Amino acid sequence: MFITNFILGKPQCLSKSNNNFKKILLSVVIAFSALLFSIVSMADATESKTTERRIPLSEYRDKMKAGWIGQMVGVGWGAPTEFAFNGVTIPEDKVPEWSPELVNVFNQDDMYVEMTFLRTMEEYGIDVSVKQAGIDFANSSYLLWVANRVGRENLRKGIAPPNSGHPKYNQNADAIDYQIEADYSGLIAPGLPNVAIALGNKFGRIMNYGDGLYGGQFVGAMYAEAFFENDPLKLVEAGLKYIPEKSQYAEAIRDVIAWYHKYPNDWEKTWNLINDKYHKNPEYRKFTSSFNGEQNIDAKLNGAFIVMGLLYGEGDPDKTVIISMRCGQDSDCNPSNAEGILFTTMGLNKIPQRFISDLDYNTKFSFTDYSFPELIDVCEKLALQFITREGGKIEKDSTGQEILVIPVQRPNPEKLEQSWAPKEPEQVEFTKSELAQIKGSKLYTWSLVLLVIVSLLIFKRNHKLKTATILLPWAVTYFLLELCKSVIPPDLLSTVNIIIIFQVITTIITLLLIFSYDRRKPGYIVLLLSILIILATSLVGAIGATEGRYVASTKIGLIGILLESSVWFLGTLVTILIVRNNYNRIIFNVTYFISLFVFQAIGIYIITLAMANVNGPWSDLIGNFSVVLIGGLSISILLYLLSIPFLILIRYEHTYNQRVSFILRNKD
């Protein structure tokens, strides 16, 4: 009855007690809420009062040095594995051993490309225009790939930044390029992540857009925070605040964090989840950069592998590199970013000696004016300028030590941009004076054409109508190749453009026929003249391919042209020596093709031996019979087909039949 009354009604004796209890409970809740509010308010007030951070100049310099060394360690250690393992993890027994001399990566694009940006700011100031940044990048002479290469080609075509990196003009806008060269932006902006973001907008948009840009800004922001934060997880979370929350790149980083919390002791489980979602799922490869289905240089996938190294590496230099490397794909760039950020948190004095004992302080980084000490000096110089511009200052403590006083910056990420649904390109163009600063000229691309025409004109014997028939097979072949060059995607042609090589060989054949008319000259003079023509034409073709610039790609192109020209010339020479006294059309053609194939196979084998000394997955090509056989056969067929119009001309046109007979030392 008591219970029933208690539930259904309230006895008067309990009603007063219950009311008192409610009053007491309410008082406790109010008091607790007030206390909690007070604590939160105090925390907010404390946070709001934290308007600056301090770091001794010597400590900044120490950490900044360490950041650069971390990059060098990561790329030097991972270089032999680069793109050798795609869509799979690297087996533990395939991980290279660290050797102290590997730190000296002065010829790595992971290092010297970003130094172009430093040089631009050093020369023109930290507020340099984006167009001047583009001009300097356009005038760079090193080899580039993917988004970097297309961005630079766009600049040289007159497409001004930021449009040079826009998806309309750059099919690789989401690639990894700016991500691998964004380290500088945080190393010269200690505690100033918004500066790193702004530098991305200036330099990163030269070649990237959307996720491709956000990757570099994310890396730069983590570097900037690494001067004041040691915890890898907090660094990743801090960097995440500076890129658009709804971007796929940010989604990838959040996923890695979540999976790390779920599987803290199983990085391979997390790798599988990343690979399934960001490599295999087409929804996350809408604007991906790949050369085949498995090789993937999309920024967000490789950015996830950077974070894998940082989180699962747990602050250990070896584990950080190895885990990031073992994730595969761009497995030298990713550990380079991860180790650079980690080393920045550690500072030079805490880096194990095995990573710095053999560091070369005298050699300059390729294509730059900077040795390691000079690099550190220019970074310090620029950092002090940025700190001052952002409202910071330099003070001295009681001991006279210089202290950097750096204002705290709140996250200010970009508005969301997506490469598969981009906004319209900006209305921006180079002025005539700006275009004049970009070296090179399209006129050089016609240098081979001019060479043939001039050669025909300078000798009177070539002024007859019959001799001009040489223009027919040459022009048809040359311009068909030109058409192929315009329709084939640049990435498929690679640095050594096979179309340009064939155009040069076509021109060499033409010039040899133009110049080969003098029965009085001894054989060795004819041979020397032929070699001179080959060398001169190859040089003109290589320089023409780079629009008059003698740069790294010119040299590489020249080597490729000379190799293929030599293959053709030796194949032709051997054929002539074999059939000269017993000519038969079938024997000639069979001998010619076999000669081309033999010399081509030898040439490819030599290339594989040479490339074995270059960092990358090239060692697999050494002695690879299928590469030599298929490559030799394919190029030999193309060279043979290239020769057919000229063989027909020599066979049926008396003028050139006569000239070849003089070379052969046969009777007319």
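The values are calculated or read from the model by the stated rules, or taken from the named source; none is laboratory data. Computed from a predicted structure; not experimentally measured. Cβ sites come from the backbone with ideal geometry, for glycine too, and all protein chains shown count toward neighbours. Ligands, DNA and RNA are stripped out before the accessible areas are found, and what is left, the full protein with its side chains, is counted by its heavy atoms. Shrake-Rupley method; radii C 1.70, N 1.55, O 1.52, S 1.80 Å.
Note on residue 111: accessible area is roughly 0 Å² with a 1.4 Å probe, heavy atoms of protein only. For the cross-link pairs 157/381; 277/485; 277/415; 300/415; 65/415, the ones whose C-alpha atoms lie over 28 Å apart are 157/381; 277/485; 65/415. Ordered from highest to lowest accessible area with the whole protein assembly present and a 1.4 Å probe, 99, 331 read as 99, 331.
Label sites at residue 286 and residue 316, each approximated as a point 7 angstrom past Cα along Cα to Cβ, lie 4.0 nm apart. Annotation: residue 419 carries an accessible surface of approximately 0 Å², with a 1.4 Å probe and no ligand, DNA or RNA atoms counted. Would you mind checking the tilt of helix 109-124 against the longest principal axis of the Cα atoms of the chain, expressed as 0 to 90 degrees and rounded to 10? The angle comes out near 80 degrees. Under a 5 Å amide H cut-off, with hydrogens placed 1.01 Å from N, residue 298 pairs with 289 among residues at least 5 apart or on other chains. Ranking 184, 284 from most to least accessible surface, computed with a 1.4 Å probe over the protein chains only, gives 284, 184. Taking the longest Cα principal axis of the chain as reference, the axis of helix 317-326 is set at about 60 degrees. Counted residue by residue at 0.36 nm each, then reduced by the alpha carbon distance between them, the extension gain from residue 424 to residue 486 reaches 19.8 nm. Principal-axis analysis of the Cα atoms of the chain puts helix 523-545 at an angle of about 30° to the longest axis.
In the context of the full protein assembly, residue 546 retains an accessible surface of approximately 20 Å², using a probe radius of 1.4 Å and ignoring ligands and nucleic acids. On the beta carbon distance between residue 230 and residue 141, with R0 = 51 Å, the FRET formula returns roughly 0.85. Ordering of 173-181, 201-209, 473-481, 130-138 by packing is 173-181, 201-209, 130-138, 473-481, highest average first (other Cβ atoms within 10 Å, averaged per residue). Within a straight-line Cα-Cα reach of under 16 Å, residue 269 can be paired with the following aspartates and glutamates, leaving aside sequence neighbours fewer than 8 residues apart in one chain: 92, 255.
Among 333, 484, the sequence by solvent-accessible area, most first, with a 1.4 Å probe is 484, 333.
For the stretch 313-365 and the stretch 145-192, what is the separation of their C-alpha centers, rounded to whole Å? The stretch 313-365 and the stretch 145-192 have Cα centres separated by 24 Å. Here the sum of -39500 (n - 2.57) over DSSP H runs of 4 or more residues, divided by the residues of the chain, equals -19500 deg cm²/dmol at 222 nm, to the nearest 500. Taken about its Cα centre, the stretch 367-496 carries a charge dipole of roughly 1300 debye when the Cβ of each Lys and Arg holds +1 and the Cβ of each Asp and Glu holds -1.
What FRET efficiency do you get for residue 263 and residue 442 if R0 is 41 Å and r is their Cβ-Cβ distance, rounded to the nearest 0.05? So the FRET efficiency works out to roughly 0.15.
Between residue 84 and residue 408, full extension at 0.36 nm per residue minus the direct alpha carbon distance yields a gain of 112.4 nm. Using C-alpha pairs under 8 Å with a sequence gap of at least 6, the mean separation divided by the residue count of the chain gives a relative contact order of 17 percent. The modelled label-to-label distance between residue 644 and residue 573, using points 7 Å beyond Cα along the C-beta direction, is 2.7 nm. When Cα Rg over 2.2 N^0.38 Å is computed from the coordinates, the matching label among (i) 1.37; (ii) 1.26; (iii) 1.00 is (ii). Using alpha carbons only, how many angstrom separate the centre of the stretch 553-571 from the centre of the stretch 215-262? One Cα centre to the other: 47 Å. Stretching residue 458 away from residue 57 to a fully extended chain increases their span by 137.5 nm, per 0.36 nm per residue minus the current alpha-carbon distance.
In summary, the aspartates and glutamates within cross-link reach of residue 286, defined as a Cα separation below 13 angstrom excluding same-chain residues under 8 places away, comprise 174, 211, 298. Placing a pseudo-label 7 Å from each Cα along the Cα-to-Cβ vector at residue 124 and residue 92 gives an inter-label distance of 5.1 nm. Measuring r between the beta carbons of residue 469 and residue 388 and using R0 = 60 Å, the FRET efficiency lands at 0.25.
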